[in-house]
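Asker: Here you go, one structure.
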Amino acid sequence: MSITRRSLLIGAGAGVMAAPFSGAFGQKAEFNYKFAHNMPVTHPVNEQATAMADALRSETNGRLDLQIFPNSQLGNDTDTLSQLRSGGVEFFSLSGLILQTLVPAAGINGVGFAFPDYPSVWKAMDGDLGAHIRKEISKKGLIAMDKIWDNGFRQITTSTRPINKAEDLKGMKIRVPPSPMWTSIFKSLDASPTSINFAEVYSALQTKIVEAQENPLAIISTAKLYEVQKYLSITNHMWDGYWMLANRKAFEKLPADLQKLVSNKFNEAAVKERAATEALNTNLQKELADKGMTINQADTASLRAKLKSAGFYAEWKAKFGDEAWSILERYTGNLT
């Protein structure tokens, strides 16, 4: 079943893997670049990326053909990050918490319960915290666009029991992305986290390799995780976003006018994607309940207290360093 469903999702997105563009402009594109991401074709990330690629073709008169590869078609996150660094892929959207394995500072926005709401997120990520992370990313031969795209506040789903308080996570086998921050949070909550790339999440839940996972509502819906999960616990335990990353050499091959246009289009699309994702996440609880999920509001105070008593905040302050942590707390207030 999972293989069939996966094949269907890939098939649904196959239309975006077009040959180098000529179309209405009657000439082959001067620059044929690939943009990969791991979201399903119906997610706002893919919808806005596709619209952005169309706009770039139009406004460059066909000089730049940005081909969109959704749904991990070019490989899982770890593989595609390697392709981006080698130049096999020119653009890639990646969670800062997975990028953290290469750029440690990129995970700082995922500190548990750091941000209470979207206004505080955007103030930090469009401000000094985002600037600090982009500076660190640039040291690895990558370019991060100015505006990070939204993934959303993350919630926990399980097949076995709801999460009402910290004690309910004890011993729970939960899938987390391959990132030290996620592993640390759930170990601190006494769960049993297992790192699995997103492309394998559905089958891992279906075959009971893990009993739980955590993601924003938009992903729970578009990836149809409600088919293999019963309980949805609203925890808002972390905010996660997607950095729009470019291979530096490939980006700098573009003439200055195209570099500016591409940057502007990515940032314009970010604003639209943020609004679409926030609206989707806001309205999905009823839809997921209608699809059979049992929804509860978790006691986030008990979860945060457990993180603090387990030394989570002190550990990550030491790992990120005083400079980065002080920038974070400029927006969140004292965390330790």
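The values are calculated or read from the model by the stated rules, or taken from the named source; none is laboratory data. None of the values given here were measured: they were computed from a predicted structure. With ideal geometry, Cβ positions are generated from the backbone for all residues, glycine too; neighbour counts draw on all protein chains shown.
Asker: Looking at 87, 112, which one is surrounded by fewer than 24 Cβ atoms within 10 Å (Cβ to Cβ) and either touching a Pro at 6+ places or on another chain (Cβ under 7 Å) or modelled with pLDDT of 95 or more (or both)? Give the derivation first.
Answerer: Numbers: 112 fails: surrounded by fewer than 24 Cβ atoms within 10 Å (Cβ to Cβ).
Answer to the check: 87.
Asker: On to the next question. Run down 272, 249 and say which single residue is loosely packed, with under 13 Cβ neighbours inside 10 Å and under 20 Å from residue 35 (Cα atoms). Write out each step before concluding.
Answerer: Details: 272 fails: loosely packed, with under 13 Cβ neighbours inside 10 Å.
249 is the lone residue from the list that is loosely packed, with under 13 Cβ neighbours inside 10 Å and under 20 Å from residue 35 (Cα atoms).
Asker: Exactly one condition in (1) surrounded by 13 or more Cβ atoms within 10 Å (Cβ to Cβ); (2) assigned to a helix (DSSP H, G or I) is false for residue 244; which is it?
Answerer: If we test residue 244 against (1) surrounded by 13 or more Cβ atoms within 10 Å (Cβ to Cβ); (2) assigned to a helix (DSSP H, G or I), just (2) comes out false.
Asker: For the stretch 250-268, how many residues meet the condition of being of a type in the set (Gly, Ala, Ser) and farther than 14 Å from residue 59 by Cα?
Answerer: As a first pass, look at the stretch 250-268 and keep what is of a type in the set (Gly, Ala, Ser): 250, 256, 263.
So of that shortlist, the ones also farther than 14 Å from residue 59 by Cα come out as 250, 256.
Residues flagged as of a type in the set (Gly, Ala, Ser) and farther than 14 Å from residue 59 by Cα within the stretch 250-268 amount to 2.
Asker: Among the residues of the stretch 230-251, are any farther than 27 Å from residue 83 by Cα, of a type in the set (Gly, Ala, Ser), touching a residue at least 12 places away in the same chain (Cβ under 8 Å) and outside the structural domain of residue 132 (by TED's automatic domain parsing)?
Answerer: Checking the stretch 230-251: at least one residue is farther than 27 Å from residue 83 by Cα, of a type in the set (Gly, Ala, Ser), touching a residue at least 12 places away in the same chain (Cβ under 8 Å) and outside the structural domain of residue 132 (by TED's automatic domain parsing).
Asker: Same structure, new question: Hey, residue 265 hits all of (1) assigned to a helix (DSSP H, G or I); (2) in contact with a Gly (Cβ under 9 Å, 6 or more places away or on another chain) but one; which does it fall short on?
Answerer: Going through the list (1) assigned to a helix (DSSP H, G or I); (2) in contact with a Gly (Cβ under 9 Å, 6 or more places away or on another chain), residue 265 breaks only (2).
Asker: Taking the residues in the stretch 256-300 that are among the hydroxyl-bearing types (Ser, Thr, Tyr) and in contact (Cβ under 8 Å) with a residue 60 or more places away in the chain as candidates, determine which candidate is nearest to residue 92 (Cα to Cα).
Answerer: Of the residues in the stretch 256-300, the ones among the hydroxyl-bearing types (Ser, Thr, Tyr) are 263, 277, 282, 294, 300.
Of the ones still in play, those that are also in contact (Cβ under 8 Å) with a residue 60 or more places away in the chain are 263, 277, 294, 300.
On the way: 263: 14, 277: 19, 294: 35, 300: 33 Å.
My answer is 263.
Asker: While we're looking at this one, here's another question. Among the strands (runs of 3 or more DSSP E) confined wholly to the stretch 143-206, which include 3 or more residues that are surrounded by fewer than 18 Cβ atoms within 10 Å (Cβ to Cβ)?
Answerer: Values: elements: 149-153, 155-158, 173-176, 192-195.
So the answer is 192-195.
Asker: Tally up the residues in the stretch 277-306 that are modelled with pLDDT of 95 or more, buried (at least 17 other Cβ atoms within 10 Å of the Cβ) and aliphatic (A, V, I, L, M), please.
Answerer: Matching residues across the stretch 277-306 total 4.
Asker: Among what's in the stretch 56-94 and is among the small types (Gly, Ala, Ser) and touching a Phe, Trp or Tyr at 6+ places or on another chain (Cβ under 6 Å), pick the residue that is nearest to residue 323 (Cα to Cα). Full working, then the answer.
Answerer: We begin by selecting, within the stretch 56-94, every residue among the small types (Gly, Ala, Ser); these are 58, 62, 72, 75, 82, 86-88, 93.
Subsequent filtering for residues that are touching a Phe, Trp or Tyr at 6+ places or on another chain (Cβ under 6 Å) retains 62, 93.
Values: 62: 44, 93: 26 Å.
The selected residue is 93.
Asker: Filter the stretch 34-55 down to the residues that are buried (at least 21 other Cβ atoms within 10 Å of the Cβ), modelled with pLDDT of 95 or more and of a type in the set (A, V, I, L, M, F, W, C) and list them by number.
Answerer: If the condition is that a residue be buried (at least 21 other Cβ atoms within 10 Å of the Cβ), modelled with pLDDT of 95 or more and of a type in the set (A, V, I, L, M, F, W, C), then 35, 36, 45, 49, 52, 53 are the ones that fit.
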